[in-house]
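Let me begin by presenting the structure, written as structure tokens, before commenting on it.
The values are calculated or read from the model by the stated rules, or taken from the named source; none is laboratory data. Bear in mind that the values here come from a model prediction, so they are computed numbers and not experimental data. Reconstructed Cβ throughout: ideal geometry from the backbone, glycine too, with neighbour counts over all protein chains shown. Just the protein is used for accessible areas: all its heavy atoms, side chains included, with ligands, DNA and RNA removed. Shrake-Rupley method; radii C 1.70, N 1.55, O 1.52, S 1.80 Å.
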Amino acid sequence: MKGFYRIAVATPRLHLGNPEANLDEHVRLAQEASGKGVSVLAFPELSITGYTCGDLFFRTDLIDAANAALSSYARKTMRLPLVSIVGFPERKDGNLYNAAAVVAGGEVVGIVRKKTLANYSEYYEKRQFDPAPVEEEKTVFEVDGLRFGVEICEDLWSPIPPSSRMSGVDVVFNLSASTDFLGKATVRNGMVLQQSARLGCVYALAAAGIGESTSDALYGGGSLIAEAGRAVAEMPLFSEGGLLTADADVEALRYRRRAESSVRAMAADVTSSSRLVKVDIPRSDTEGTARLKDLSVSQHPFLDEFGEPGWIDKLLTIQAVALARRMETAHVTKLVLGLSGGADSALALLGASRAIERLMHLSNPSNLSSPSLLAIVMPGLASSEKTQRRAVALAKALGVEVRVIDICEACRRHLRDIGHDETVHDIVFENVQARERTQILMDLANQEGALVVGTGDLSEIALGWNTYNGDHMSMYQVNASVPKTMVLAALKEIASQSPEPVGALLREIAEAPITPELVPGAAAGDSEDRLGPYELHDFFLYHFLANGASRAKLSHLAGIAFRGRYDEMTIGRTLAIFWRRFPAAQYKRNCVPDGPKITLSLSPRADWRMPSDSEFS
């Protein structure tokens, strides 16, 4: 698909000091990579000979054999539609360099030499090699629109890494031969992740494997591919090696770099201080990136990016700390929350409960001597007995004070006052109930000296699936950057860790159909009946916000991710609803309450600013 490129790093089975045998292994891996649709393939540092040849690098016969193997590799792979990066010892003008050859179409199209030679502990590169000339300019390569740079091992973690001039490239390949002892891989991987985040690109480390010499240390492989600070593929340490592949969404990476001004500022260097080499490769039966027929796309990108270990506890902690801090600065001792028996208000209740616990355990709670939480259950004209029972039971199980205030008569009176037929179940009928609930919560907050805690989630805010000046409004919105899929996932996990009856109640809430219960006799899951699956909406929202995906790309990605789960008609209908509702709801987002950023935010004070009058389509 346009904008996607498959890249790979290889850890070959090494024949130390035997370039001819290494040639066969390199060709085998290149053919395998080509068959998988790889555009660029990188091998480890000095892969054609092995890194640990020591003083054998002084020998002319080894250097000649290495150069012959490199030339032969170029010939044998000339018809493969990919670029290869091969580590080899380069003899030039009386110097010997630890170098990387960029190979395509049967020839070496560029050479990158190592600048920062490792010369400590088990490393003694300066004994055999010379550093790249100081004046040597940085080279950026481009193939089929993909821009990549090449570094060699320590060039990444030198005090002033050359990667600062790699900004603006889509992928950096690092040819490495790093030893592995206890703790080393953790440090090395952290550097790779940090560099990929700093540059807003894919950083692919090709690591030398266990075929290297074991005289003083072990080389464990452990190749790693990271994208914008997140590991996307990793080879197990001390394995037999092979290929490690990843699909880079280059359009998404470029969008993020454009959106992040600090990265964009660094990226200006790439065109002014670097030499650009455009590489041509043989055409296969299908052009360029269309070869990625087996592209894998996650159904739950929010969970992939933000679902780190312990994310649920961290989510609740962010809600609790933020809410407790707001209570202190607002000089209030109480929280009021509308509890519906649904998923969003259940998660908000858990976060608010933790905020109260936090304040109660502060050593110096200032004027908050008795912080407390009040849950209000407000059955309306379409509320089911089951959801109201769940709401009351959950509050009691968590030890939260709960009141039930029936809003039916108040809503009927208001409908009569405005001359609206109660039997007409339109948007007026629905919103009267939402605004009556907000009025009660706000007035109780004044009465109790409290803050109203909002419960709406990111998915509803994105779609405008909230009543303006109703559930759209609160005094602090704890779920504002938590999408529906994460709300449900969090409740299910918390349920599995909670004692009864809390666990059973949370499970029941998380598994129930999603409905605002505003229309009598409506289907239990009428939100998704009307909007389409939230799972799809969250998928569209993530790729729209984080990656700047077009409508056509959203459709294509969803078709891949949800193949066999949703048919083309469901995906198309849901995407049309998302594309129509998202811009139309901006006026609601321009005046949202404060709330902590947990994943992506649609607050105009944080991640997203757009005019309410936009005709974007």
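Just one of the listed residues (GLY564, GLY503, GLY559) is touching a helix residue (DSSP H, G or I) at 6+ places or on another chain (Cβ under 7 Å) and farther than 25 Å from MET378 by Cα, and it is GLY559.
Taking SER383 as the residue in question, decide whether it is touching a helix residue (DSSP H, G or I) at 6+ places or on another chain (Cβ under 9 Å) and under 21 Å from GLY456 (Cα atoms).
yes
In the set ASP471, ASP443, ASP457, only one residue is farther than 25 Å from GLY307 by Cα, among the charged types (D, E, K, R) and buried (at least 24 other Cβ atoms within 10 Å of the Cβ); that residue is ASP471. Of all residues in the range 34-60, which are open to solvent by less than 10 Å² (accessible area, probe 1.4 Å) and among the acidic types (Asp, Glu)? GLU45, the sole residue that qualifies.
Considering the range 587-596, the residues that are assigned to a helix (DSSP H, G or I) and over 24 Å from the mean Cα position of the chain (by Cα) include one that is surrounded by the fewest Cβ atoms within 10 Å (Cβ to Cβ), namely TYR587.
Confirm whether ALA552 is part of a helix (DSSP H, G or I), without any contact (Cβ under 8 Å) to a residue 12 or more places away in the chain and either touching a Gly at 6+ places or on another chain (Cβ under 7 Å) or at negative phi (or both). So ALA552 passes the test. Annotation note: of GLU136, GLU142, the sole residue that is open to solvent by 20 Å² or more (accessible area, probe 1.4 Å) and not in a strand (DSSP E or B) is GLU136.
From the list LYS492, LYS484, the one residue that fits, being among the basic types (Lys, Arg) and either open to solvent by less than 10 Å² (accessible area, probe 1.4 Å) or in contact (Cβ under 8 Å) with a residue 40 or more places away in the chain (or both), is LYS484.
Among the conditions (1) in contact with a strand residue (DSSP E or B) (Cβ under 8 Å, 6 or more places away or on another chain); (2) at pLDDT below 95; (3) open to solvent by less than 50 Å² (accessible area, probe 1.4 Å), the only one that SER164 does not satisfy is (1).
Which fully enclosed strands (runs of 3 or more DSSP E) of the range 201-294 have 1 or more residues being at pLDDT 95 or above and under 26 Å from the mean Cα position of the chain (by Cα)?
202-207, 224-227, 230-234, 242-249
Screening HIS537 with (1) within 28 Å of the chain's Cα centre (by Cα); (2) over 30 Å from CYS591 (Cα atoms) gives one miss only, at (2). When ALA522, ALA510 are checked against the criterion of being assigned to a helix (DSSP H, G or I), over 24 Å from GLY3 (Cβ atoms) and open to solvent by less than 50 Å² (accessible area, probe 1.4 Å), a single residue qualifies: ALA510. Taking the criterion of being in contact (Cβ under 8 Å) with a residue 40 or more places away in the chain and either part of a helix (DSSP H, G or I) or under 28 Å from ARG283 (Cα atoms) (or both), the residues of the range 44-69 that qualify are PRO44, SER47, ILE48, GLY54, ASP55, PHE57, PHE58, LEU62, ALA65, ALA66, ALA68, ALA69. Taken together, the residues in the range 577-617 that are of a type in the set (Phe, Trp, Tyr) and closer than 20 Å to LYS484 by Cβ amount to 4. Contact map, the range 7-21: residues that are in a helix (DSSP H, G or I) paired with residues that are crowded, with 24+ Cβ neighbours inside 10 Å, Cβ distance under 6 Å, separation 6+ or inter-chain. Pairs shown: PRO19/ILE48; PRO19/THR49; PRO19/ALA66.
One line per residue, one yes/no per condition, for (1) over 30 Å from GLY229 (Cβ atoms); (2) in a helix (DSSP H, G or I):
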site: ALA546; (1), (2): no, yes
site: TYR566; (1), (2): yes, no
site: MET569; (1), (2): yes, yes
site: ILE577; (1), (2): yes, yes
site: PHE582; (1), (2): no, yes
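For the range 416-430, the criterion of being in contact (Cβ under 8 Å) with a residue 40 or more places away in the chain, open to solvent by less than 40 Å² (accessible area, probe 1.4 Å) and under 30 Å from GLU535 (Cα atoms) is met by at least one residue. When the residues of the range 169-189 are filtered to those that are farther than 27 Å from VAL250 by Cβ and without any contact (Cβ under 8 Å) to a residue 40 or more places away in the chain, which remaining residue is surrounded by the fewest Cβ atoms within 10 Å (Cβ to Cβ)? Residue satisfying both the conditions and the ranking: LEU182.
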